[in-house]
Amino acid sequence: MAFRWTNDLRPEDVTPEAVFMNRRQLIGGLAAGTILGSAGMAQAQEALEPNSWEDITTYCNFYEFGTGKDDPAKYASSLVTDPWSVTIDGLVDRPGDYSLGDILSQMTVEERLYRFRCVEAWSMVVPWNGFELADLLELAGVQSGAKYVAFETAYRPKEMPGTLFPVLDWPYVEGLRLDEAMHPLTIMATGLYGKPLPNQNGAPLRLVVPWKYGFKSIKSVVKITLTDTQPPTSWNKANPREYGFYSNVNPNVDHPRWSQASERAIGGGLFARRKPTLMYNGYEEEVAGLYEGMDLSKNF
Amino acid sequence: MKAWICRKTSKSDAIRKELLFMIDQINATLRRIPTWLVYVLLSLPAPYFLYLGATGGLGVEPINALERKLGEVALQLIVFGLTVTPLKRWAGLNLQKFRRAIGIMAFAYVAMHLLVWLVLDVQILSQIFADLVKRPYITVGLAGFLLLVPLALTSNNVSVKKLGPKWRVLHRLTYVAAILGAAHYVMLAKGFQVEPLIYLGLVLGLLALRRVPKSKSRRRAVA
């Protein structure tokens, strides 16, 4: 069941990449002329404008390829994404290895223009192509006892130079509560700007949960397991004081080492202004109900 | 058998002599380099980074990149400054003439790093104060910078004369500042990362070298 959520902006509002980049060069030129004056202008402009292809594909966190922001773009080409299959197991009616082609033939890929907020306090706007995770889970048949969904990234030391260092406990794992996974905003992305997903962005198939910090949106997924217990997640294992299971974007709950009240939109150059971070990354209306009655400072 | 040993020792003696000769030559060359040139060379990375940041050379998020670059150079200069004494003691290499330039430039890079954090990165005054108090890695970094301020202010001949033996004691704060600087880097890393630990290891190692009793190094130098 695709198209359960639509953006305020229609697909035709997504500026073609080339036009968009030209326009921003123009804005950039203006801003350089009036460095201080431009701050107010940027604040006033609320409509979602996607980041450029370059922004999205050269500034990535994908520690399997190194901890530098440019490492994934440099080294992720070594990841073999074809053939690709996803093991779906646990509390499902039809467990097994699903080939990517098989999955895609049964899914409806649509465009989703989402805000993307990293836990490191930077943000982008990304025009994803993907399908709803709920559709994939329905394909495997979720059993009534399932309460959580666990995800796992490919772990291939020969193709992933970053995994030679114990930065995290490989393979990278993530998890969602079942209602979060079934939410119409939650998608499995397969592309960007209508093109296939580049390896550094999690090819060929990645999770996107726009109201959570970016690290929840696990990349290059090879395994999805339905469980009745809360699954372990990589950053929570690495530092439980700093990274909780939920990791919802919340300007009122700081990371112990930095404030989450504001963020820097990528692409603004040396003099980019910070902007306030929105509750649930601007998706409060859609998802606040999932967390009703929960103490968000404890369930961070 | 004995002759063979003899020949071997004489050979290593020859290598040693050649090495000493080489170091003497390097020292002679170093003596001819004016210190102003060192100031100029060490200040070049800063405008280069700024140029890169303004023209896209530091990637799509130049603020954090610039901040990191300046911080890294600052740490490298601090480590470099700490090698001067051990290099003289263990290798006979004489860089003492440039130690002030290295120290002052290290301070300049720490100051620029801090300035980029204040003006370009955090921007919001209330958040700056909150960060200083609430974020240990920032508190530690700032403490390191503050310790360097009196050292930079007294890095001139007048102060050296005026303070006398106290000057040496005061400038031992460098050691504390170096540890704080490296700790600052270790504390801000996400996950287990090797590079910050290398800097911390270098700083601690270079400080440990200073604890080696004098007699040992003298025996080595004589032998």
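Residue by residue along B:165-174, Cβ atoms of other protein chains within 10 Å of the local Cβ number 0 on average. Using the Cβ-Cβ distance between residue B:20 and residue B:149 with R0 set to 41 Å, the FRET efficiency works out to roughly 0.55. Relative to the longest principal axis of the C-alpha atoms of chain B, give the angle of the C-alpha long axis of helix B:99-116, reported between 0 and 90° and rounded to the nearest 10°. Once rounded, the angle reads 20 degrees.
How much net charge surrounds residue A:76 when only other residues with a Cβ under 10 Å from its Cβ are counted (Lys, Arg +1; Asp, Glu -1)?
Details: positive: A:74, A:219; negative: A:64, A:71, A:159.
Net of charged neighbours comes to -1.
Rounded to whole numbers, the Karplus 3J(HN,Hα) couplings from phi for the stretch A:87-93 are 7, 10, 9, x, 7, 10, 6 Hz, using 6.51 cos²θ - 1.76 cosθ + 1.60 with θ = phi - 60°, and x at Gly and Pro. Close amide H contacts of residue A:262 (hydrogens built in the peptide plane, cut-off under 5 Å, sequence separation of 5 or more or a different chain): A:277. Highest GNM mean-square fluctuation among B:130, B:106, B:91, for chain B modelled with Cα contacts below 10 Å: B:130. Legend: mean number of C-beta atoms from other chains within 10 angstrom of residue C-beta atoms, peptide B:121-133, equals 3. Annotation: amide H of residue A:224 within the under-5 Å range of A:87, A:88, A:89, sequence separation 5 or more or interchain, hydrogens built in the peptide plane. For chain A, calculate the relative contact order in percent as a whole number, restricting contacts to Cα pairs under 8 Å that are 6 or more residues apart. Averaging sequence separation for qualifying contacts and normalising by length gives 19 percent for chain A. Pairwise inverse Cα distances across the protein assembly as shown, averaged and inverted, put the Kirkwood hydrodynamic radius at 26.4 Å.
For chain B, the longest principal axis of the Cα atoms and the long axis of helix B:2-32 meet at an angle of about 40 degrees.
Given charges of +1 on the Cβ of Lys and Arg and -1 on the Cβ of Asp and Glu, with all other atoms neutral, how large is the dipole of chain B about its Cα centre, in debye to the nearest 20?
1880
Computed with a 1.4 angstrom probe on protein heavy atoms, the A-B interface buries about 2300 square angstrom of accessible area in total. Per-peptide packing, taken as the mean over residues of other Cβ atoms within 10 Å, places A:71-77, B:12-18 in the sequence A:71-77, B:12-18 from highest down.
Helix B:173-188 versus the longest principal axis of chain B: what angle, 0 to 90°, nearest 10, using Cα atoms? So the inclination is approximately 60 degrees. When the listed pairs A:195/A:219; A:219/A:275; B:17/B:97; A:158/A:212 are checked against a 20 Å cut-off, the alpha-carbon distance exceeds it for A:219/A:275; B:17/B:97; A:158/A:212. Rounded to the nearest 5, the antiparallel percentage of DSSP beta bridges internal to chain A is 85%. Counting Cβ atoms of other protein chains within 10 Å of each residue's Cβ and taking the mean over peptide A:63-69 gives 3. Only one residue of A:268, A:144, A:155 has its Cα farthest out toward the positive end of the dipole of chain A, where Lys and Arg carry +1 and Asp and Glu -1 on Cβ, and that residue is A:268. Considering only A:208, B:14, B:74, the residue lying farthest towards the positive end of the dipole of the protein assembly as shown is B:14, judged by Cα position with unit charges set on Cβ.
Heavy-atom accessible area with a 1.4 Å probe sorts B:135, B:99, B:32, largest first, into B:32, B:99, B:135. Per-residue 3J(HN,Hα) values for the stretch B:65-73, derived from phi via the Karplus relation 6.51 cos²θ - 1.76 cosθ + 1.60 with θ = phi - 60°, read 5, 5, 4, 5, 4, 5, x, 5, 4 Hz in sequence order (x marks Gly and Pro). Both radii were evaluated on the Cα set of chain B; the Rg over Rh quotient, with Rh as the Kirkwood radius, amounts to 1.06.
When the Gaussian network model of chain A links Cα atoms closer than 10 Å, the mean-square fluctuations of A:289, A:96, A:267 top out at A:289.
The values are calculated or read from the model by the stated rules, or taken from the named source; none is laboratory data. Nothing here was measured: the structure is a model prediction, and the numbers come from that model. Positions of Cβ are generated from backbone atoms using ideal geometry, with glycine treated the same way; all protein chains shown enter the neighbour counts. Ligands, DNA and RNA are stripped out before the accessible areas are found, and what is left, the full protein with its side chains, is counted by its heavy atoms. Shrake-Rupley method; radii C 1.70, N 1.55, O 1.52, S 1.80 Å.
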